[in-house]
Amino acid sequence: YSLDSSDGSISTLQWEAGNLIPAHTSRDIFTYDPTDVSGAPGRQFLWDVNELNAAQMAALNTNAAGVADLSGQEKGSQRLAWMRGDVSQERANGGLFRDRSTLLGDVINTDPWFVGDQDFGYAALPSTEGSSYLTYRSSSAYLNRAPMLFVGANDAMLHGFHAGTGVEQFAYVPSALFPRLSKLADPDY
């Protein structure tokens, strides 16, 4: 929503993030591999042995009760595709997973966090700290940064939305949540 400049009241709806989630095949969703010893544990949230470790894949190959899918009938790749936003996996479309009214999970018990080019006043700090902050604030990296709104949602993701357009720029799935991810797709969720 925009704010009315005369009195600060809420004005018109500018965008609805749940309606602006990119197609599941083009979303940038990332996770973390805690077993990686190479020093580059960041991974894409894709069904690929080069992206997810064996434990993460096994967790996605379990049903909501934590029981492993039968051999040859593993559904982990379908669960992951559903989490990425593939609606063909929903019951209404002949799939096995929960129907959703929006791809964005409920935003509940989370505080949105805005990141932009606001001045926090650190230039008033004495000595090098203040002058370093002024140098940083005048850099092109700072001046050209996109205004972002970060929010956690009940879809196991931290979402980063462009604050001006509302379009999701990326999402992050914490590795600690893998043992519970299958529950999200369950029709009885």
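The values are calculated or read from the model by the stated rules, or taken from the named source; none is laboratory data. Model, not experiment: these values are computed from the prediction. Every residue, glycine among them, receives a Cβ derived from its backbone with ideal geometry; neighbour counts consider all protein chains shown. For accessibility, only protein heavy atoms count, side chains too; no ligands or nucleic acids. Shrake-Rupley method; radii C 1.70, N 1.55, O 1.52, S 1.80 Å.
Mind checking which pairs have a first residue in the range 38-57 that is touching a residue at least 12 places away in the same chain (Cβ under 8 Å) and a second that is aliphatic (A, V, I, L, M) and not in a strand (DSSP E or B), Cβ under 6 Å, 6 or more apart or different chains? Cβ pairs passing all conditions: Phe45/Val173; Trp47/Leu80. Of all residues in the range 144-154, none are over 30 Å from Leu103 (Cα atoms) and among the small types (Gly, Ala, Ser). Taking residues in the range 1-16 that are polar (S, T, N, Q) and open to solvent by less than 100 Å² (accessible area, probe 1.4 Å), and partners anywhere that are modelled with pLDDT of 90 or more and in a loop (DSSP other than H, G, I, E, B), the pairs with Cβ atoms closer than 6 Å and at least 6 places apart or on different chains are Ser2/Gln14.
Remark: pairs (first residue in the range 169-189, β-branched (Val, Ile, Thr); second residue open to solvent by 50 Å² or more (accessible area, probe 1.4 Å) and assigned to a strand (DSSP E or B); Cβ separation under 9 Å; 6+ apart in sequence or on different chains) = Val173/Phe30; Val173/Tyr32; Val173/Leu158. Looking only at the range 95-118, residues that are in a strand (DSSP E or B) and either modelled with pLDDT of 95 or more or closer than 21 Å to Ile29 by Cβ (or both) come to 3 in all.
Here the range 160-189 is the region considered, the condition is being hydroxyl-bearing (Ser, Thr, Tyr) and over 19 Å from Phe45 (Cα atoms), and the residue that is surrounded by the fewest Cβ atoms within 10 Å (Cβ to Cβ) is Tyr189. The sole residue among Ala59, Ala92, Ala55 that is assigned to a helix (DSSP H, G or I) and open to solvent by less than 30 Å² (accessible area, probe 1.4 Å) is Ala59.
Within the range 118-159, restricting attention to residues that are at positive phi and without any contact (Cβ under 8 Å) to a residue 12 or more places away in the chain, which residue is surrounded by the fewest Cβ atoms within 10 Å (Cβ to Cβ)?
Residue satisfying both the conditions and the ranking: Ser127.
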